[in-house]
Structure formats: structure tokens, C-alpha cells
1. Only residues that are more than 14 Å from the ligand (Cβ to nearest atom), under 17 Å from residue 126 (Cβ atoms) and of a type in the set (Phe, Trp, Tyr): list them for region 203-241, please.
2. Out of the residues in region 206-241 meeting the condition of being of a type in the set (A, V, I, L, M, F, W, C) and in a loop (DSSP other than H, G, I, E, B), tell me which one is surrounded by the fewest Cβ atoms within 10 Å (Cβ to Cβ).
3. Identify, from the list 375, 408, the residue that is within 13 Å of residue 337 (Cα to Cα), modelled with pLDDT of 95 or more and crowded, with 20+ Cβ neighbours inside 10 Å.
4. Return a yes/no flag: does region 421-433 have any residue that is in a strand (DSSP E or B) and hydroxyl-bearing (Ser, Thr, Tyr).
5. Considering every residue within region 371-389, establish whether at least one is touching a Phe, Trp or Tyr at 6+ places or on another chain (Cβ under 7 Å), touching a residue at least 24 places away in the same chain (Cβ under 8 Å) and in the same structural domain as residue 344 (by TED's automatic domain parsing).
6. Scan the strands (runs of 3 or more DSSP E) fully inside region 242-358 and keep the ones with 1 or more residues being within 16 Å of the ligand (Cβ to nearest atom) and outside the structural domain of residue 380 (by TED's automatic domain parsing).
7. Residue 128 - would you say it is within 19 Å of residue 230 (Cβ to Cβ), within 19 Å of the chain's Cα centre (by Cα) and in contact (Cβ under 8 Å) with a residue 24 or more places away in the chain?
8. Looking at the structure I just gave you, is residue 118 assigned by TED's automatic domain parsing to the domain that holds residue 21 and either surrounded by fewer than 19 Cβ atoms within 10 Å (Cβ to Cβ) or polar (S, T, N, Q) (or both)?
Amino acid sequence: MSLESGELHIEEQLLQKTLEHALANVKFYGKAVQRAGHLSSPSLKDFPIIDKNTVEANFEDFLYLDRFPDYVISSGGTMAGAGAFSLRAQEEYEAIYFHNSGRHPRKRYEYFSPDGFAIDLFTHTNGYHWRKPPGLPVLPFTLEQEAHALFLVHILRDGLPIQGHRCYPVHLQGQCGPMRTLTGYIDVLGEKVIPASSSLGTLVYGSHTTRVWKDRYQSIWGSRPRELYGLSEFAPGSAQQCDTCGGFHFRTCWTEFLALDNDEPTNFGDARLVLTSLFPFVQMQPRIRYYTGDIVSVGGVCPATGRISFKFRGREKNSVLSRGDDKTVLFSEVEVQEVLDQMKSVACQTQVSELRIWESTNLPKPPYALGYPRFQILIEEKEETTLACIEIEVTFEPDVEKQKSGHFRELFAGLLFCEAPGIEEAINSGCLSLNISLMPQNSLRLNVKSSA
Ligand SMILES: [Zn+2]
């Protein structure tokens with residue numbers, strides 16, 4: 001039995017344990033499965049598909065609090081309304097750490113100085129939770145003032161003296177907002193913080209990273225960033241990007257991929273991602289068959305891991321689907337973001353680190369926006385046609401500067417059609433009506449998470 005197939009077998013056992021735990025201890029599941037008439041030997045199919053709203057409406061019925069909880073974790077609610085709240089226990093995090101590393105979570109990590117260390121750049125927007133065992137060579141950093149940025153530069157350039165050796169960072173990871181701010185800051189600082197001959201491994205998490213930003217990270221840090229896909233409800237067990245298939249795999253929760261227009265499982269194409277937390281990685285607030293609200297592209301079975309490979313395709317509420325039998329995503333916020341990051345005059349969210357640093361520094365801003373572009377996609381399904389409206393905030397007066405607006409819309413549409421070639425055909429066949437609407441800065445009511 002290979003390591004991965006052994007792991008898959010363990011996950012099946014953990015799934016069974018989870019279902020039994022939920023039936024015995026969690027009120028919502030006790031009631032839901034009893035209603036369905038299945039009491040002995042539960043299987044996943046006996047459980048209803050739920051979502052954030054189900055948990056919100058029945059919050060206490062989802063809890064199993066055999067002791068006082070340690071943390072409240074909240075989702076950033078990425079452009080999708082209210083956040084999801086999870087009560088979590090220290091043991092859950094430790095179980096994930098042990099599963100991923102094979103090491104005891106409370107035992108001091110034996111650090112060897114030639115290994116270098118990692119820097120983790122984050123804000124507390126998802127709530128405070130256990131971050132690492134003692135001695136693990138990861139330095140958690142915040143970035144809110146120029147002094148923080150300058151201290152980071154110092155650590156990046158000069159490292160730390162540990163056990164009589166000079167140790168340098170070899171990896172930099174962070175939430176997308178502060179990572180973009182730090183990268184822009186280093187860019188305008190114009191100082192080489194890492195030697196020309198070396199590079200830092202980088203990882204960016206929190207939301208989609210566009211090609212424009214991947215190129216920028218590569219030019220500043222010397223490496224193309226890896227990404228994570230995860231939900232705070234299942235944190236920190238995120239899906240990691242696989243070196244073999246390039247897709248993502250979860251190891252600490254159970255995945256199901258369901259068709260876009262019914263609850264049938266599918267192993268290929270665009271699908272709705274449904275997750276089940278696994279015991280012991282989630283104990284206090286199990287979520288079984290939890291629809292993430294996200295559509296993913298499923299790429300078949302990965303040859304290296306035996307797991308189904310997937311990539312984030314977009315939030316369902318921001319995804320415009322094709323019509324007809326084999327439904328796919330025509331475009332989502334992913335393509336819109338890719339296009340807007342290539343354009344000028346787009347109004348962007350100002351992340352707190354950017355705001356604070358450039359309130360006090362003498363450095364100029366970089367010649368590109370650091371924040372998340374401000375836009376929304378409104379979708380209305382009519383009998384024959386899907387009406388989609390992309391509302392984009394711009395830094396000029398769209399109603400006054402008519403010519404500029406016309407050019408912007410034309411360029412945007414051209415780039416979007418390149419990004420998602422199915423759009424033009426859908427418009428020509430009458431299945432899609434697309435409206436691009438430019439809005440003045442700060443006129444949209446958007447729910448952008450502060451770490452973006
Ligand atoms: Zn893979």
C-alpha cells in the first residue's frame with residue numbers, strides 16, 4: 001500500500017468516526033438523519049447538504065462543547081455576505097499539525113540553523129488561533145506601520161544569529177493584502193533585500209492571486225508564489241497545491257464534487273465543492289456535506305496522490321454559467337480580477353497596511369495599485385438569457401469623462417473575451433447579455449475582507 005493510498009484509507013475511517021460523532025453528539029445531525037430514517041451505520045449520503053446559512057440559523061445545534069472552546073474563527077466573507085463563525089479547540093489544531101508533520105505539537109522543535117526559517121505575514125482578521133509549536137522556525141509578523149516594514153527588511157537582509165550561526169529566511173508567506181503591500185514597499189524602496197544569487201520560496205493565501213501579481217512577486221522575491229485553497233471553517237487544514245498535477249488536494253477534510261445544477265457527483269469539469277470536516281481535526285463544530293459556495297474545476301485523479309485534483313473557479317454567486325446540458329462557468333470574479341489587474345484607473349480597496357505605511361513614509365507609491373479591485377458581478381437568470389452586469393469602480397468620473405469611459409469599457413471587454421473565450425459565443429447565440437457599468441470611486445457597497 002503506498003503512503004497516499006494508506007492515507008486515503010485512514011481518511012475513510014476518520015469520515016466514519018466523524019459521522020458517528022455527529023449523530024451521537026450534535027443535535028442538528030441527530031435530528032436530520034433521524035428524519036431520513038437511517039439510524040444505524042450512517043453513510044455520508046444519509047446527511048443533508050448544508051451551507052453557511054444552515055449553520056447560522058441553527059448555530060447552537062451544530063455545537064458539541066464538552067469543554068470551554070479556545071478560539072473563535074471567522075471567515076473573511078469574501079464578497080459573499082456574512083461571515084461564518086467556528087468555535088475551535090487547541091487539540092484540533094494540534095491534530096492537524098501532527099497529521100501533516102508527524103511531529104508532536106507540544107514538543108519543542110529541534111531547529112538546525114542551516115535550514116533557515118520562514119516569515120509569516122498576517123493580520124488577525126480571521127481571529128486568533130494556535131499558530132505553531134515552540135521552536136518551529138516560523139516568525140509571525142504583522143505589517144501595519146513603516147517601522148514594521150523596515151524591521152522586516154532588516155530580518156530579510158541580515159537574518160538572525162541562532163546557535164552562533166547566521167540564519168536567513170528561506171520562505172516568505174502571507175495573506176494577500178499585506179503580501180502585496182510589502183512587495184510594493186520593497187519595490188519602491190529600491191534596496192536589494194535578498195542576494196541576487198538566491199531566492200525566497202513564497203506562498204500567498206486568502207484570495208485569488210492574478211498572473212500580474214505572480215509576475216511581480218517573482219521579480220521581487222525571485223520565485224513564483226504557491227497558493228493555498230482553504231476555508232476558515234476547516235482551518236488550518238487548507239488544500240495544498242500539488243507539485244505533480246498542479247491542482248489542489250485536501251488532506252484533513254473530505255471532498256465531494258457535485259454537478260452545477262444537481263447533486264450528482266462528478267469527477268471532471270466545473271463542479272460545486274462540498275466539504276466534510278474530519279474528526280479529530282474538527283471536533284466542536286462538525287460540518288458534514290458543507291457546500292462552500294465555491295465552484296472548482298475538477299481535473300481527474302492525480303497520478304501521484306490518487307486524489308481528485310481541483311482548482312478554484314469562482315464563488316457561485318459571482319459565476320456566470322453556460323446554458324444547456326453540460327454546464328460550465330463562462331466567467332467569474334477570477335477572470336474579472338485577472339483583467340482589472342492589467343488595467344489602469346481601476347479603483348482598488350486600500351488595505352490597512354498600505355494605508356498606514358503611506359500615511360507616514362516619504363517613499364512614493366508604486367506605479368500600480370496594491371489593493372483588491374473594487375467591482376461586483378450581478379447575475380439575473382431570465383428564461384432564454386442570462387443577464388450579467390459587471391460594475392467596476394474607476395478613479396475618474398465615468399459620467400463626466402465619457403471618452404475615457406468608452407475606452408475603458410472597450411479595453412476591458414477585449415481583455416475579458418481573451419480571458420474567457422466562451423463569452424463571445426454565448427453573447428452571439430443570445431444566451432448571455434453582458435453589461436459593463438463604470439461607477440465612481442467608493443460608490444459600491446462591497447464586502448471585501450480586510451486582509452484582501
Ligand atoms: Zn496532485
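1. 205, 234
2. Only one residue fits best here, namely 235.
3. The match here is 375.
4. Checked against the condition, which is being in a strand (DSSP E or B) and hydroxyl-bearing (Ser, Thr, Tyr), region 421-433 yields at least one hit.
5. No, region 371-389 contains no residue that is touching a Phe, Trp or Tyr at 6+ places or on another chain (Cβ under 7 Å), touching a residue at least 24 places away in the same chain (Cβ under 8 Å) and in the same structural domain as residue 344 (by TED's automatic domain parsing).
6. Per the criteria, 253-258, 268-277, 290-301, 308-315.
7. yes
8. No.
The values are calculated or read from the model by the stated rules, or taken from the named source; none is laboratory data. What you are looking at is a predicted structure, and each value in this text was computed from that prediction instead of being measured. Here Cβ is always computed from backbone atoms with ideal geometry, including for glycine, and neighbour counts include all displayed protein chains.
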